[in-house]
1. Filter the GluC sites (Glu not before Pro) in the range 1-79 to those in DSSP coil with at most 15 other Cβ atoms within 10 Å of their Cβ, and list the result.
2. How many lysine pairs does the range 2-129 hold where the Cα atoms are under 27 Å apart and the two sit 8 or more places apart or on different chains?
3. Before rounding to the nearest 500, sum -39500 (n - 2.57) across all DSSP H runs of length at least 4 in the chain and divide by the residue total; then give [θ] at 222 nm in deg cm²/dmol.
4. State which stretch of the chain is the longest one without any exposed trypsin sites (Lys or Arg not before Pro), exposure meaning a DSSP loop state and at most 16 other Cβ atoms within 10 Å.
5. What are the residues whose amide H is under 5 Å from the amide H of I82, where those residues sit 5 or more places off or on another chain and H is modelled from the backbone?
6. Quick test of the membrane-span-like rule: which DSSP H helices of the chain reach at least 24 Å along their long axis (C-alpha atoms) with mean Kyte hydropathy at least 1.0?
7. Please give me, ordered by residue number, the GluC sites (Glu not before Pro) of the range 29-133 that lie in loop per DSSP and have at most 11 other Cβ atoms within 10 Å.
8. Relative to the Cα centre, what is the charge dipole magnitude of the range 1-70, using +1 at the beta carbon of each Lys and Arg, -1 at the beta carbon of each Asp and Glu, and rounding to the nearest 20 debye?
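Each reported figure results from applying straightforward, stated rules to the coordinates on display, with no laboratory input. From a predicted model like this one, the values you see are computed outputs, not experimental measurements. Methodologically, a virtual Cβ is constructed for each residue, glycine included, from the backbone with ideal geometry; neighbour enumeration extends over all protein chains shown.
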Amino acid sequence: MEEKGLGEYFMIDSAGTASYHAGEPPDPGSRRIAKKHGISLNGQYARQFIANDLTQWDYVIAMDSTNHSNIRQLGALTSGNIHLMREFDPEGPGDVPDPWARGDEAFLETYTIIRRSCEKLLEHIIKEHHLLQ
């Protein structure tokens, strides 16, 4: 039996709780920092998180407490958990800062927080679901 690659276990999406950027590409600051780290954001466009998303995902990860609250108000996640991203941050909990209009250093800080939090989130998911046995 052929072993699955780790990426085959995941489907990942992104959405915001507000609709004002729906249909727009990522912020130029996000694109610059992503490109510097070898990540392509080509073909990505903002969309609004909707109640139906709660039925499709095992994990919903909010960047800050306002979005966390907005998601919880939509209803209960049917098959998983709603978390704040920084619950997985080894440097401490809190909100991921919004870098908008604060320059590339702020985008780099946000990228760094999300990167290290995602690494720990991945470790949590692997352990929780026994993926690498």
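1. Details: sites: E2, E3, E8; in loops: E2, E3.
The qualifying sites are E2, E3.
2. Working: K4/K120; K4/K127; K35/K120; K36/K120.
Step by step, the pairs that qualify in the range 2-129 add up to 4.
3. Working: 4 runs with 49 residues, N = 133.
Mean residue ellipticity at 222 nm (helix-derived): -11500 deg cm²/dmol.
4. For trypsin sites (Lys or Arg not before Pro) (loop position, at most 16 other Cβ atoms within 10 Å), the longest site-free span of the chain is 48-101.
5. Correct list: V60.
6. none
7. Numbers: sites: E87, E91, E105, E109, E119, E123, E128; in loops: E91.
When the GluC sites (Glu not before Pro) of the range 29-133 are filtered for loop state and at most 11 Cβ neighbours within 10 Å, E91 remain.
8. Working: 6 positive and 9 negative charges, 89 e Å.
Using Cβ point charges on Lys, Arg, Asp and Glu, the range 1-70 gives about 420 debye.
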